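Read through the structure below, which is laid out as structure tokens, and then see the notes.
The values are calculated or read from the model by the stated rules, or taken from the named source; none is laboratory data. Just so it is clear, the model here is predicted, and its values are computed rather than measured. Positions of Cβ are generated from backbone atoms using ideal geometry, with glycine treated the same way; all protein chains shown enter the neighbour counts. The area values use the complete protein model at the heavy-atom level, side chains included, leaving out ligands, DNA and RNA. Shrake-Rupley method; radii C 1.70, N 1.55, O 1.52, S 1.80 Å.
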Amino acid sequence: MTPALEVNVTRRIGEFDLDETFSVESGLSVLFGPSGVGKSMTLSLIAGLLRPDTGTIVINGTTVTDCAQGTYVSTQARRVGMVFQDGLLLPHRTVLDNVALAVRQANGRIARRAVAHTWLERVGADQLSDRRPGSLSGGQRQRVALARGLAGEPSLVLLDEPLSALDSVVRRELRNLIRDVIVSSGVPAVLVTHDAEEAEQLGDVVISMDDGRVRAMRTVERPTSPQSEPGSTTSAEAT
Amino acid sequence: MTRTRAVVQAMDVKWKTVAVVCTVVAGFGLGFGVAHLFAGSIAYWDVVSGPFYLTLRVAIPATILAGVAGITSGYVLAKGRFPGRNVLETIGSLPIILPPTVIGFYLLEVLAPGTRVGGFVTRVVGHALVYNVAGCIFAATLAAFPFCMRAARTAIEGVDPSFEQAARAMGLSNRRVALRVTLPLARRGIAAGLTIGCARALGEYGATLMVGGDINGKTRTMSLAILDEFTAPERNTMLLILVLMAVAAMTGVGLLGRSRV
């Protein structure tokens with residue numbers, strides 16, 4: 001089976017040196033580690049917002065970056081959906097327009113809006129369609145950002161600490177939503193967090209990072225019965 | 001106020017655009033009407049109307065042309081990564097620094113029918129760009145351009161690049177990112193530049209005098225007419241109309257900047 005994502009890159013910024021190699025299958029993978037270890041930089045490299053110094057990035061079997069060959073697929077052409085820490089919803093557009101703007105698979109404004117409505121319904125935010133991002137709470141903004149990240153039928157979703165700016169109650173609520181929506185959509189996802197509990201609850205695979213390197217990678221065994229608690233783990237080799 | 005805001009929020013984008021354009025037009029109309037009332041007599045209108053309409057014919061297209069050119073070049077200067085950007089901005093800003101008569105002199109030197117450029121323009125356009133309304137518009141555009149360009153560059157540079165990155169991650173092409181994200185987010189600064197540019201085009205004097213020639217009924221804008229008719233009683237009407245037009249233009253363009261279009 002082709003991995004959803006293969007990363008083998010180096011990138012140096014000032015004194016910070018990122019050098020990592022890992023690959024993930026479908027499902028939700030979590031990049032976990034304290035602040036400043038290169039987690040968000042990794043997402044930027046995968047999304048094409050940043051270029052690596054050396055190495056390759058392969059998404060669903062397609063090489064999007066290969067420094068040796070001079071291959072560099074633009075961010076727009078990578079078909080990744082991104083959910084940012086503070087949502088980054090466009091403040092001058094309504095919630096519906098924000099999501100509709102990300103829809104690539106439908107032609108025409110009405111068709112794009114219909115798709116956007118579907119995604120807003122899935123994240124429980126359809127009633128916010130006509131509102132501006134400035135009038136939304138943090139949790140509402142992240143729901144909309146999640147809908148926007150998935151609305152373009154991406155081949156990979158990247159979530160950059162989507163819950164870190166939220167209070168604990170909303171965070172718990174959104175954790176379940178993110179996992180449910182990502183799993184039901186079938187789109188592979190990589191989520192960045194510095195919260196160990198969050199990593200454990202959300203990830204099918206947890207990739208631990210430190211000082212710009214992947215230190216460990218383990219698969220989280222999900223319970224088959226809904227009553228069981230997640231968290232029992234097996235070791236996997238870090239690559 | 002809250003109700004007005006709610007109504008505005010509920011309006012569709014195209015209707016907001018229509019409302020803003022109507023506000024600008026109504027602003028000019030109001031300025032024109034109030035000027036009539038305060039002038040106290042319609043007897044001067046025969047004298048005033050010519051320069052008034054000519055000023056509109058010059059200032060409106062000049063603002064539009066300077067706006068389009070200024071926003072485009074401001075965007076290139078803000079986003080482009082090429083050597084000599086600051087030199088280009090300095091050259092584009094020369095009309096602010098140089099005395100207007102000097103600009104007019106150089107325009108005449110370049111655009112006169114006998115010159116190479118002037119001859120080319122005459123062949124392409126069918127007439128020379130001096131001593132006619134086209135020349136006045138050209139001079140006013142040049143005067144307004146640097147204000148639009150500098151304001152646009154500053155406003156575009158002030159847009160948080162994270163929004164543009166988010167838009168690219170959504171799959172938007174660079175052109176759509178510029179039109180749907182960068183420019184709308186920079187609209188207030190751009191509107192400020194357009195406001196000043198419009199005011200500059202309304203009051204343009206020196207270059208217009210040199211290039212237009214101050215021909216009564218043909219190229220005499222209100223700024224020129226006020227000087228020419230300094231002792232005539234209708235100058236007060238013209239002064240008032242010019243002030244009100246400037247205020248109306250600023251209010252209208254200011255509304256454009258504040259609106260959530």
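Below is a table of values for the structure above.
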{"item": "Listed residues A:130, A:210, A:86, most fluctuating in chain A (Gaussian network, C-alpha, under 10 Å)", "result": "A:130"}
{"item": "Average beta-carbon neighbours from other chains, 10 Å sphere, peptide A:84-90", "result": "4"}
{"item": "Peptide-level mean, for B:157-169, of C-beta atoms on other protein chains within 10 Å", "result": "6"}
{"item": "Residue B:105 - accessible surface, heavy atoms, 1.4 Å probe, Å² rounded to 10", "result": "100 Å²"}
{"item": "GNM flexibility winner over chain A from A:32, A:16, A:84 (Cα, springs under 10 Å)", "result": "A:16"}
{"item": "Under Karplus coefficients 6.51, -1.76 and 1.60, residue-wise ³J(HN,Hα) of region A:116-123 in Hz, glycine/proline x", "result": "4, 4, 4, 5, 5, 5, 5, 9"}
{"item": "5 Å-binned pair-distance histogram of region B:109-255 (Cα, whole percent)", "result": "2, 10, 13, 14, 14, 12, 11, 11, 7, 4, 2, 1, 0"}
{"item": "Dipole of region A:1-137 [Lys/Arg +1, Asp/Glu -1 at C-beta], most positive-end residue of A:62, A:5, A:84", "result": "A:84"}
{"item": "Accessible area of residue B:52 in the full protein assembly, 1.4 Å probe (Å², nearest 10)", "result": "10 Å²"}
{"item": "Cβ charges +1 (Lys, Arg) and -1 (Asp, Glu), total dipole of region A:91-130, debye", "result": "220 debye"}
{"item": "Overall Cα dimensions of region A:1-137 - principal axes, largest extent first, Å", "result": "45, 32, 26"}
{"item": "Base-10 log of normalised Debye intensity for region A:1-49 (one unit scatterer per alpha-carbon) at q = 0.20 Å⁻¹", "result": "-0.74"}
{"item": "Largest to smallest accessible area among A:202, A:50 [probe 1.4 Å]", "result": "A:50, A:202"}
{"item": "Reciprocal mean inverse distance between Cα atoms of chain A - Kirkwood radius, Å", "result": "18.2 Å"}
{"item": "Evaluated at q = 0.15, 0.21, 0.25 Å⁻¹: base-10 log I(q)/I(0), Debye formula over Cα of region B:44-101", "result": "-0.63, -0.90, -1.03"}
{"item": "Pairwise centroid distance, computed over Cα atoms, of region B:104-181 with region A:106-177, Å", "result": "40 Å"}
{"item": "Within a Gaussian network of chain A (alpha carbon springs, distance under 10 Å), most fluctuating of A:149, A:70, A:81", "result": "A:70"}
{"item": "Helix-derived mean residue ellipticity, 222 nm - over chain A, DSSP H n ≥ 4, -39500 (n - 2.57), to 500", "result": "-8500 deg cm²/dmol"}
{"item": "Sequence-distant residues sharing a close amide H with residue A:82 (under 5 Å, placed H)", "result": "A:158"}
{"item": "Debye intensity ratio I(q)/I(0), log10, region B:85-152, q values 0.15, 0.18 Å⁻¹ (C-alpha model)", "result": "-0.53, -0.73"}
{"item": "Check: region A:182-223 dipole with +1 on Lys, Arg Cβ and -1 on Asp, Glu Cβ, in debye", "result": "200 debye"}
